[in-house]
Amino acid sequence: MPFVKIICTYLIITTLFFPEALACVIDGYTRDTIPIAKGAVIDVESQWNETKTVIETLISIEVDSTIKDSKKEILQLAVPGGVIPEEGIALIASGQDQFKLGDQVIVFSEKDFTHIIKNSAHFVRGDTTDIKLKGFTHYCYDSDTMVLACDQVSCESTVSWPRHSIPVTYYSSASFSTDQIEAIINSMETWNKVHSLFKGVYGGITEVNEVAPDGINVIRIADEGEIPDYQLARCYLWTNIEGEIFDADISLNPHYTWGVSGNSYESDIQNIVTHEFGHFIGLGDIYEPDESLYMPCMGGGNQENTMYGYGGRGEIKKRTLSLGDLVGIQSLYGCAVTIALDGDEEALNTIRHFINSFLARTEWGRNFINYYYEISPQLSKHFYTNPKMKHQAEKIIYSILPILEELSYF
Ligand SMILES: [Zn+2]
């Protein structure tokens, strides 16, 4: 059986000159991808690299059709990320799906790179108003249309930081200037400002400068050959089998100039790191309908979102979040009451006091608190997309506040 071995990870052609067209992908795929084959995954082998810092996966695909001819063959591709079930550990690299036996996949080719996507999302994508967590779509293609949607599948599990590890501390490597560090901190503050249960805290400069599940969440400059030239950055998420994140690292491509002023000839560090911090908290990329990684559940008008998968030099609009980003973070970490009250600290303190001094004292109260945390992210999402519903909830909460205050002293 003929083997075509295409190693995509770490295949780098170094060039010092970057035409603007190539400089516009953040951590996914360039726009000029060409699907070269589709087929089924027949073997998946995840393994640690030699230094046991990164998991890589070798995927074998039995090709059932190709664009040029329908000759049967096996393709093998190595991708960053994967799962080691015996150790209960998984690595998710942004812009890269995870694969299992039987997955229907499309292999894309670019000038210097070949990669593969499985068109169901492993994690929640930053999304538009008609977000559907279920019903991500498989793509298939025929020779006329290149890529088109076919059968519906359920979305797989979501990944997020468990509540007990929030706030999450992150560090910067020693490679950044004071201005760049300030920009990185501003990037996290943008996500911190959203009313949600997630908080990121800057822990200072660390000497640890590697992508590894070492408990040190580091923002760093990538090693030579770590990520392809056309990618600006990559986020690595380490999770357990339940999808709980326990480590996240972000690598910025050393071949780009990382500016802080948003001028037209540099990549703005705050702009791109805000996007990468979106991955850090568990969000995926979103795309526009004419792009290869688009899924119908993403809706349209996504270019304004921070989690839009392309960016360019001089761009600064990702420094601020759009509705899709807000819905995305709320679907993972929403605190519905906080949103309903627009963060009214005085009212929230009354509720916190009620929770601690009344609800938490009884078993049914503790059950209620757990139930609230379960439904809260979904509810938060609804509040963002349905202002009328949010307003109703706001009225109800304010009307019962005096009762909660009374009960707190009961
Ligand atoms: Zn991205």
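The values are calculated or read from the model by the stated rules, or taken from the named source; none is laboratory data. Quick caveat: nothing in here was measured; it's all calculated off a predicted structure. When we count neighbours, we look across all protein chains shown, and the Cβ atoms used for this are built from the backbone with ideal geometry, even at glycine.
Right, Ile245: within 13 Å of the ligand (Cβ to nearest atom) and either over 27 Å from Leu323 (Cβ atoms) or crowded, with 21+ Cβ neighbours inside 10 Å (or both) or not? Taking the combined requirement at face value, the residue does not satisfy it. Residue pairs whose Cβ atoms lie under 8 Å apart, separated by 6 or more positions or on different chains, with the first residue in the stretch 270-290 and within 19 Å of Ser196 (Cβ to Cβ) and the second assigned to a helix (DSSP H, G or I) and within 11 Å of the ligand (Cβ to nearest atom), are Thr274/Lys318; His275/Lys318. Scanning the stretch 152-169 for residues that are at pLDDT 85 or above, part of a loop (DSSP other than H, G, I, E, B) and surrounded by fewer than 16 Cβ atoms within 10 Å (Cβ to Cβ) returns Pro162, Pro167. The requirement of being among the hydroxyl-bearing types (Ser, Thr, Tyr), outside the structural domain of Ala233 (by TED's automatic domain parsing) and modelled with pLDDT of 85 or more is satisfied by Ser46. Scanning the stretch 317-324 turns up at least one residue that is in a helix (DSSP H, G or I) and modelled with pLDDT under 90. Does Leu379 satisfy the criteria of being more than 23 Å from Asn192 (Cβ to Cβ), outside the structural domain of Asn186 (by TED's automatic domain parsing), in a helix (DSSP H, G or I) and in contact (Cβ under 8 Å) with a residue 24 or more places away in the chain? Here the answer is no, as Leu379 does not meet what is asked. Filtered by the rule that a residue be touching a helix residue (DSSP H, G or I) at 6+ places or on another chain (Cβ under 9 Å) and not polar (S, T, N, Q), the stretch 205-235 gives Ile205, Ile219, Asp229, Tyr230, Leu232, Ala233, Arg234, Cys235. Inclusion of Gly312 among residues that are outside any helix (DSSP H, G or I), in the same structural domain as Gln270 (by TED's automatic domain parsing) and not aromatic (Phe, Trp, Tyr) is warranted. Against the conditions (1) among the aliphatic types (A, V, I, L, M); (2) at pLDDT 90 or above; (3) in contact with a Ser or Thr (Cβ under 7 Å, 6 or more places away or on another chain); (4) within 15 Å of the ligand (Cβ to nearest atom), Ile227 satisfies every one except (2).
Within the option set Ile351, Ile329, being under 21 Å from Leu407 (Cβ atoms) and surrounded by 13 or more Cβ atoms within 10 Å (Cβ to Cβ) holds for one residue only, Ile351. Here Arg234 fulfils each of the conditions (1) within 27 Å of Pro377 (Cα to Cα); (2) more than 16 Å from the ligand (Cβ to nearest atom); (3) out of contact with any Phe, Trp or Tyr (no Cβ under 8 Å at 6 or more places or on another chain); (4) not in a loop (DSSP other than H, G, I, E, B) apart from (2).
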